[in-house]
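Presented below is the structure to which this report refers.
The values are calculated or read from the model by the stated rules, or taken from the named source; none is laboratory data. Everything quoted here is computed from the prediction, not taken from an experiment. Note that we place each Cβ from the backbone using ideal geometry, even for glycine, and neighbour counts take in every protein chain shown.
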Amino acid sequence: MFLLEVNNLSLSFTQYQRGLKQKNIQVISDLSLSIQEGEILAVVGSSGSGKSLLAHAILGILPKNASLSGRLYYGGQELTAKRQKELRGKEIAFIPQSVNFLDPLMQIGQQVRTSSQVGSEKGIAKGKGGEKEKDRDRDREKGRVKDRAKDKGREKQRKIFDRYELDYDVENYYPFQISGGMARRVLVASAVVGGPKLIIADEPTPGLHHEVVKEALGHLRELADEGTAIMLITHDIATALEVADRIAVFYAGTIVEIAWASEFTDHGDKLRHPYTKALWMALPQNGFLPILGRQPSPSEPPPGCLFQPRCSLSSKSSSTNNSSCSQEAPVMRELRSGKVRCHFAT
């Protein structure tokens, strides 16, 4: 059973135009994917394709002008707004792409301990009587519970500091006092300290030195090997291939292919979608071959297949094939142990 399933997800935003007219702009359309425990699924695509919005939809942190359709399932049960709120930060953790998500006014140790959720105090039932001795006993018990929770929280925080090679002194620092690489490790530590079952990492390594990137991705692979499901959102397909089990290729607000990482070899002959092959061949080690055109704007999507205006497969096909691509949007289908959104992929 999959831990997370996204079925036919579509997302649009209502925007006001001149004269108070409203317009709906669809940024994600008919998107489906799934993740198992112990797996890293990399969602790869260019900037502006809607990858981060997918993460926000799963977490339930979209703005009020967002309209969502489709179904989300977590652990076999529908992921409603109520469940999202209950699981967010606990079973479902988020590693954001910006270190600005750290609270600038809170010390690092306190932020990590807060994320662990172990400091939450369980209520102690109050008796009906108003006897002072019983009241004092209850107060003393509450104090002991708080002290135990604080000790447990600090112990858990320091264990996670050991794991990510953060000195204990860092717990007394504020975010402005640490380096970018250290801030990245703090974000990861904050996400994993509570023992989540699913981690969504949104561009967790931008602008970092290669060794730091390798270290951060190694931590994610280690967590996956221990059973955690990881969704790694990135525009860097080469980096994703170092740790991912499967690659979901994002284009213009939808998934066009889901392939095994092992299929990204040679000239991409095992890949299914022309855009996936183009991404692979655009890497420097594969010839640095660009493709013409650009990704369509969400406000002006082309009819039919979103990739058709740039697709070599469509342009080289017969006029009948070309007509199908420009008029009818392809659906996601299974092909050679993977999935592809293309009329003529074989």
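The table for this structure:
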{"quantity": "Positions within region 266-305 being over 21 Å from Ser324 (Cβ atoms) and part of a helix (DSSP H, G or I), in sequence order", "calculated": "Leu279, Trp280, Met281, Pro284, Gln285, Asn286"}
{"quantity": "For Asp169: the one exception among (1) modelled with pLDDT of 90 or more; (2) surrounded by 19 or more Cβ atoms within 10 Å (Cβ to Cβ); (3) part of a helix (DSSP H, G or I)", "calculated": "(2)"}
{"quantity": "Residue check for Ala81: small (Gly, Ala, Ser) and either in contact with a helix residue (DSSP H, G or I) (Cβ under 8 Å, 6 or more places away or on another chain) or crowded, with 19+ Cβ neighbours inside 10 Å (or both)", "calculated": "no"}
{"quantity": "Filtered residues of region 194-212 (kept if part of a helix (DSSP H, G or I) and farther than 18 Å from Phe161 by Cα)", "calculated": "His210, Glu211"}
{"quantity": "Filter result for Lys270 (assigned by TED's automatic domain parsing to the domain that holds Val44 and at pLDDT 95 or above)", "calculated": "yes"}
{"quantity": "Within region 10-49, considering residues that are in contact with a helix residue (DSSP H, G or I) (Cβ under 6 Å, 6 or more places away or on another chain) and outside any strand (DSSP E or B), the one surrounded by the fewest Cβ atoms within 10 Å (Cβ to Cβ)", "calculated": "Gly38"}
{"quantity": "Residues being of a type outside the set (Lys, Arg) and more than 15 Å from the chain's Cα centre (by Cα) - total across region 180-215", "calculated": "18"}
{"quantity": "Unmet criterion (only one of (1) assigned to a loop (DSSP other than H, G, I, E, B); (2) under 30 Å from Leu241 (Cα atoms)) for Pro63", "calculated": "(2)"}
{"quantity": "Any chance Leu53 is surrounded by 13 or more Cβ atoms within 10 Å (Cβ to Cβ), in contact (Cβ under 8 Å) with a residue 12 or more places away in the chain and under 30 Å from Lys23 (Cβ atoms)", "calculated": "yes"}
{"quantity": "From the options Gly50, Gly60, residue that is at pLDDT 95 or above, in the same structural domain as Tyr251 (by TED's automatic domain parsing) and not β-branched (Val, Ile, Thr)", "calculated": "Gly60"}
{"quantity": "Cβ-Cβ under 7 Å pairs, at least 6 apart or on other chains, region 233-261 side closer than 25 Å to His210 by Cβ, far side part of a strand (DSSP E or B) and among the polar types (S, T, N, Q)", "calculated": "Ala240/Thr234"}
{"quantity": "Any hit, region 244-255, residues being of a type in the set (Lys, Arg) and in a helix (DSSP H, G or I)", "calculated": "no"}
{"quantity": "Filtered residue count, region 159-195, keeping only those that are of a type outside the set (Ser, Thr, Tyr) and without any contact (Cβ under 8 Å) to a residue 12 or more places away in the chain", "calculated": "6"}
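Listed here are the residues, each with its yes/no results for (1) at pLDDT 90 or above; (2) farther than 16 Å from Ser46 by Cα.
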| site | (1), (2) |
| --- | --- |
| Thr265 | yes, yes |
| Ala282 | yes, no |
| Ser312 | no, yes |
| Ser318 | no, yes |
| Gln327 | no, yes |
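So that you can scan it fast, the table gives a plain yes or no per residue for (1) of a type in the set (D, E, K, R); (2) over 18 Å from the mean Cα position of the chain (by Cα); (3) more than 17 Å from Pro196 (Cα to Cα):
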{"position": "Gln15", "(1), (2), (3)": "no, yes, yes"}
{"position": "Gln36", "(1), (2), (3)": "no, no, no"}
{"position": "Glu39", "(1), (2), (3)": "yes, no, no"}
{"position": "Ser46", "(1), (2), (3)": "no, no, yes"}
{"position": "Pro96", "(1), (2), (3)": "no, no, no"}
